Amino acid sequence: MKKISHLLFLVLISFTLLLSCSSRSKLTNDTLYFNLGTEPPSLDPSKATDTTSNLVIENLMDNLTDYDISTPDLKIVPKVAKSWKITEGGKVYTFTLRDDVLWTDGKKVTAQDFEYSWRRLIEPATAAEYAYFLFDIKNAKAFNEGKIKDFSKVGIKAINDHTFQITLESPVSYFLHVSTFSSLSPLRKDVIDQWGDRWTDPEHIVTNGPFKLTHWKHDYQLTLERNENYYGAKGKLKKVECFMIVEQSTALSLYQTRKLDIITQVPTLDIPKLKQTPEFHSGNFLSTYYIGLNTKKAPLNNPYVRKALASSINRNQITEMLQKGDIPTSSLIPMGMQGYNPDLGYKLNIEQAQEWMKKAGYEKKEGNTISWVHSKTKEPFPTITFIYNTNEAHKTIAEDLQAQWKKNLGITMAIDNQEWKVYNNSLQGSHTSPETAPFHLFRLGWNADYPDPDNFMSLFTSYSDNNHTHWGNSKFDSLTEKAKVILDKTKRVDMYNKAQKILLEEDTAIIPLYVYAHQSMWRDEVKGAQMNPLDRWYFDQLWLERNIK
Amino acid sequence: MLLFILKRLFISIPVIFILATLTFCIMRVTPGGPFDKDKAIPPEIKANIEAKYHLDKPTFINTPAFYKKKWIHVLTETQYFYYMKGLAQGDLGPSYKYLGRSVTDIILDSLPVSVELGFYAALILAAYKHNTWIDNAAMFTAISGITLPSFLVAALLIYIFSIKMAWLPAGLWDGGWEYKILPTIALGLRPVAIIARLMRTSMLDVIKADYVRTARAKGLNEVWVILKHVVKNSLIPVITISGPLLAGIITGSFVIEHVFAIPGIAKHFILAVTNRDYTLIMGVTLVYAVLLIIANILVDVFYALVDPRIKLS
Amino acid sequence: MSETLKKSNSRSLWQDAWKRLFKNKASVISLIYIVGIILVAIFADVIAPFSYETQSPQDRLLFPNTTYLMGTDILGRDLFSRVIYGTRMSMSVGIIIAFCSLIVGTIYGSLSGYVGGRLDNILMRIVDILYTFPSLLLIILIRVIFGPGLFGIFFALTIVEWVSVSRIVRGQILQVKEMAYVEAARAVGVRHQTIIARHILPNILGPIIVTLTFEIPAAILSESFLSFIGLGLQPPFSSWGSLANDGFQAFKSYPYLIFFPGMAIFLTVLAFNLLGDGLRDALDPKLKNT
């Protein structure tokens, strides 16, 4: 009749003793342990739409071009394309490919592989979400809609084995960014035809990047091994073990017990403590957090009310509370991107805000606290409603905004949260009749698809599906459209300044709060790692200098 | 006996069918779909995606077909019919989240891991059974299995054995026994606790029973009385709940698998819903139901073996 | 057993049970503890030194000290006050859900058990199907459909919990129904309602009360699990479960954040379980003469 606790204890000890001497997997300088965070939903470039999948794909596949993350303005540098020409006033892009790039099975990478990949993305049967990346290309949209069946009419062409040509509908200045997208990595038609959906399994996949996929245990771990056929400079790491540990505190424990070398997310509560160690790294991210205003719903249909709201927020207080090192901003285009202008947008100015409330037609009533009544109808200023998707940080922000607007402006706000998909549904649903939508304000963030301001500015055109503010301004629309195609940098920045001024000040359709910061931890023995605003991880640029006895 | 099992399996078919239909309905009234994101997808692309997964079809009744007088299409050209047709052929469909993977693949990848962990947890149970039944220390261990949420149990174990003592890894699954110990204890504690408590109550009941009194009066050896009459008969209520318990252990615990980063099936019970991965929701529901039904049949068979008063019918 | 027909004697049965309950030390301590916790829940405003939402940014993440008995969280809120207010939330979640599932389960179970026959068959098939549904999935779906409010939690957990209650009640009724005194009552033509209310329910009240004491802690635990997966109580409310979950995120750096709410859950659930055990022993007529 042994006691169970004793029994457990004995089992525990015997196993630990047994194992502590044996296979405590030896750390070498060849293998890096990395936490991906989650299972990549798909390693098929045409289907992947999330950052985790893309992180892996970027290490498996080399594209026409890529960003140099060591340059501050993220210069586009050649990869498989050794050079490119832009002709016909920016309408035709001709890429000349290297002829020494090999697939992992030894075959050469050709322009046809690119043509196949680009075609596959817009093929209706692929049903690729990111097909719209290519909608600037001649007839690409019609092909995707099934209106054109003949692919030769689409402006995507492999002229010969090493010349790949793209013809646009009309010139757009950001198009070169498209050539870096991992969604457009070259693909092998024969492999995909042979294996179908299973072609991304480690036994079947054929890639051309610095690493190859050799093992994939779903929801647990995948192994990248150095591609010895790689045409570029060989990386020092022979192997990268990527784990999919979702729970951040578990990942941190494993990091602290040397089971992981790099973690790319840190539990918020641990940040104040970890911040003091040299292993903690933080950097800004091309991503802006903003409050959207439902400009059709009273009382926010009055621009002066919106201006008043925008100028009574202390953003520093919010970012300090979040503790993540986010950078307060009053403008939309994020720090680190062309057109970033921190002077735009309203800053905290309570007197000005109250002035605007008066302009909006409200009378101030002094009591213990400020309150407002409409000067004609004498009705009190109504309670406004803010919705957010259920999440700790959003909750903190919502509660703080609630407190600040109450204190600074005397406006009462109700807050409500919804599960993510329900929330998206509410935002979409408000388009049918914004006046009666059950909310005045909402939160969203935007991650750059590519580091070009157009990616942010075109969100708020009157015809954008992503514009849930129901605001439209033809001047803003035309400025954004024009800036899209202008190649001259100063002119372009000037146009974006004007457009942002309309969006943030004249009409105040959104209130940006901060530029996201992201955190990572890596040990001293990890070399070559750097924070970058795209949160990219190129494993061929990393190496290890472990203290091995 | 075989007849009984076959009969029970046969009766279960309508249960599975109703369950599948019910799940299908609940899923469709849940707001948000598998491809809804914060980033708007252009309508033409959305149309392609919906066409690919038959999501462009009406859910249950195809009214346009009705007006076109294509009577048979009214019921067949629907999402429900497509799904049920696949299901009848044993095809659980493609996942809407893990593009390119089938639900069957996902279940086949993750279920064995949960079963393995469940097996270890069941070993604890067996060890417990053989060694003790009215032990106070065991009761106390058992009590913490019912009184603490499992994430607290996991946190406690990690804090003591991984952080403070640095004996065992704080997570991960592959690579040696050391990785299995903490999750096994964390998962096994609760069933052990439930069964220990149930045994206690049911033994108290049985000890008072007439036949035990008779056995004692006959002057039988006390140990014999306990083993032969008390333990055997108090097992009956334990067996009753062991069906759901077994199914529960096999399908794992979300918390344990999440905290220890174990690639089991339990996470899909939650993530499939947050992702609105319709086919995966259906898949895990059906897997759970089938496991439960099998476990219950086993329990009934076992029941009949332990208690001669019960006949399989 | 027919003595239960007379009211005066049935009271003595309860007195008996009380007496036996009070002999059980663990149960008495648990009962006192539970009464104490309920008082804390009621008088949370009086007891808590701070409001549960007052943030003092300069006092972030302080370890327990004389001002902040249980330390402060990342927003500088007093954990002690939050645990005190959490008591209110956790206890009401536990009690409301237990009562709701008890009421639904008892009505359903008695109907099924008392009427019997085809109705029983149908009702139990429905329960079977509900049983086959993974409860976790059901809870999450309901939480998603009904939104993050309190009502969603009550509804979701009740839906899952009442099923087992109805089975217990049905089983009890099936037993009692066959008793001589019920048959006698039926023979003399007592109406069904009266039989249920006067003869059956009082006799199965014991097991129902015991079930209640086990349902409350079960609901508290379920709510903490919901908090863990992000579907628990939403601000401005906080329960022990949500507090413990907040603490879980950093249990290595700030163990006190998980310790105190965890302790509250542990002690309360333990107390309810011990009380339940005691009640069961006390109310079990079979143990009466021992």
Being part of a loop (DSSP other than H, G, I, E, B) and open to solvent by 20 Å² or more (accessible area, probe 1.4 Å) is the filter; apply it to the range A:299-322 and report the residue that is nearest to the other protein chains (Cβ to nearest Cβ). A:Asn314
Return a yes/no flag: does the range B:92-107 have any residue that is within 33 Å of the chain's Cα centre (by Cα) and away from chain A (no Cβ under 14 Å). yes
With the checklist (1) within 9 Å of another protein chain (Cβ to nearest Cβ); (2) within 23 Å of C:Leu267 (Cβ to Cβ) in hand, flag the one item B:Arg190 doesn't pass. (1)
Would you confirm whether or not the range C:186-194 contains a residue that is open to solvent by less than 20 Å² (accessible area, probe 1.4 Å) and either of a type in the set (D, E, K, R) or part of a helix (DSSP H, G or I) (or both)? no
When you go through A:Ala125, A:Ala140 one by one, which is the residue that is within 14 Å of chain B (Cβ to nearest Cβ), of a type in the set (Gly, Ala, Ser) and open to solvent by less than 40 Å² (accessible area, probe 1.4 Å)? A:Ala140
Total residues in the range C:239-251, condition open to solvent by less than 20 Å² (accessible area, probe 1.4 Å), assigned to a loop (DSSP other than H, G, I, E, B) and either of a type in the set (Asp, Glu) or within 11 Å of chain A (Cβ to nearest Cβ) (or both): 2
Selection status of B:Ile11, within 14 Å of chain A (Cβ to nearest Cβ) and not in a loop (DSSP other than H, G, I, E, B): no
Being within 23 Å of A:Lys217 (Cβ to Cβ), under 14 Å from the mean Cα position of the chain (by Cα), open to solvent by less than 10 Å² (accessible area, probe 1.4 Å) and not acidic (Asp, Glu) narrows B:Ala266, B:Ala247, B:Ala295, B:Ala289 down to just B:Ala266
Look through the range A:256-283, keep the residues that are of a type in the set (A, V, I, L, M, F, W, C) and outside any strand (DSSP E or B), and return whichever of them is nearest to the other protein chains (Cβ to nearest Cβ). A:Leu269
Regarding A:Ala131, is this residue within 14 Å of chain B (Cβ to nearest Cβ) and open to solvent by less than 30 Å² (accessible area, probe 1.4 Å)? yes
Residue that is part of a helix (DSSP H, G or I) and out of contact with any Pro (no Cβ under 9 Å at 6 or more places or on another chain), where the choices are A:Val191, A:Val172: A:Val191
Show the residue pairs meeting these rules: Cβ distance below 8 Å; 6+ apart or different chains; first residue within the range A:404-432 and more than 13 Å from chain B (Cβ to nearest Cβ); second residue acidic (Asp, Glu). A:Ile415/A:Glu399
Qualifying residue in the range A:474-481 (condition: among the basic types (Lys, Arg) and surrounded by fewer than 17 Cβ atoms within 10 Å (Cβ to Cβ)): yes
Residue check for B:Leu312: open to solvent by 20 Å² or more (accessible area, probe 1.4 Å), at pLDDT below 75 and more than 14 Å from chain A (Cβ to nearest Cβ): yes
Which residue, of A:Ser253, A:Ser183, is within 14 Å of chain B (Cβ to nearest Cβ), in a helix (DSSP H, G or I) and under 26 Å from the mean Cα position of the chain (by Cα)? A:Ser183
Residues located in the range A:411-441, provided they are buried (at least 21 other Cβ atoms within 10 Å of the Cβ) and in a loop (DSSP other than H, G, I, E, B): A:Ile411, A:Glu419, A:Ser430, A:Ala437, A:Phe439, A:His440
Evaluate the following for A:Val101: is it more than 14 Å from chain B (Cβ to nearest Cβ), closer than 22 Å to A:Arg226 by Cα and open to solvent by less than 40 Å² (accessible area, probe 1.4 Å)? yes
State all residues of the range C:52-66 that are within 11 Å of chain A (Cβ to nearest Cβ) and either of a type in the set (Gly, Ala, Ser) or in a loop (DSSP other than H, G, I, E, B) (or both); if no residue qualifies, say none. C:Glu53, C:Thr54, C:Gln55, C:Arg60, C:Leu61
Tabulated pairs, the range B:16-42, first more than 7 Å from every other protein chain (Cβ to nearest Cβ), second among the β-branched types (Val, Ile, Thr) and open to solvent by less than 40 Å² (accessible area, probe 1.4 Å), C-beta under 6 angstrom, 6+ apart or interchain: B:Thr23/B:Thr285; B:Met27/B:Ile281; B:Phe35/B:Ile49
Just to verify a result, which residue in the range A:523-548, among those that are within 20 Å of A:Phe280 (Cβ to Cβ) and among the polar types (S, T, N, Q), is most open to solvent (accessible area, probe 1.4 Å)? A:Gln530
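So that you can scan it fast, the table gives a plain yes or no per residue for (1) at pLDDT 85 or above; (2) open to solvent by less than 30 Å² (accessible area, probe 1.4 Å):
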position: C:Asn121; (1), (2): yes, no
position: C:Ser135; (1), (2): no, no
position: C:Gly149; (1), (2): no, no
position: C:Leu157; (1), (2): yes, yes
position: C:Ser166; (1), (2): yes, yes
Failed condition for C:Gln175, given (1) under 20 Å from B:Ile241 (Cβ atoms); (2) buried (at least 19 other Cβ atoms within 10 Å of the Cβ), with all others met? (2)
For the structure I just gave you, tell me whether A:Lys378 is among the charged types (D, E, K, R), open to solvent by 30 Å² or more (accessible area, probe 1.4 Å) and within 30 Å of C:Asp246 (Cβ to Cβ). no
Extreme residue, least open to solvent (accessible area, probe 1.4 Å), among residues of the range B:85-115 that are without any contact (Cβ under 8 Å) to a residue 24 or more places away in the chain and in a helix (DSSP H, G or I): B:Gly86
Any idea how many residues of the range C:87-138 are among the hydrophobic types (A, V, I, L, M, F, W, C) and farther than 30 Å from B:Lys267 by Cβ? 13
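The values are calculated or read from the model by the stated rules, or taken from the named source; none is laboratory data. It should be emphasised that the depicted structure is a prediction, and the values quoted were computed from it without experimental measurement. Please note: Cβ atoms are built from the backbone with ideal geometry, for glycine as well, and neighbour counts cover all protein chains shown. To get the accessible areas, we keep the full protein, side chains included, count just its heavy atoms, and leave off ligands, DNA and RNA. Shrake-Rupley method; radii C 1.70, N 1.55, O 1.52, S 1.80 Å.
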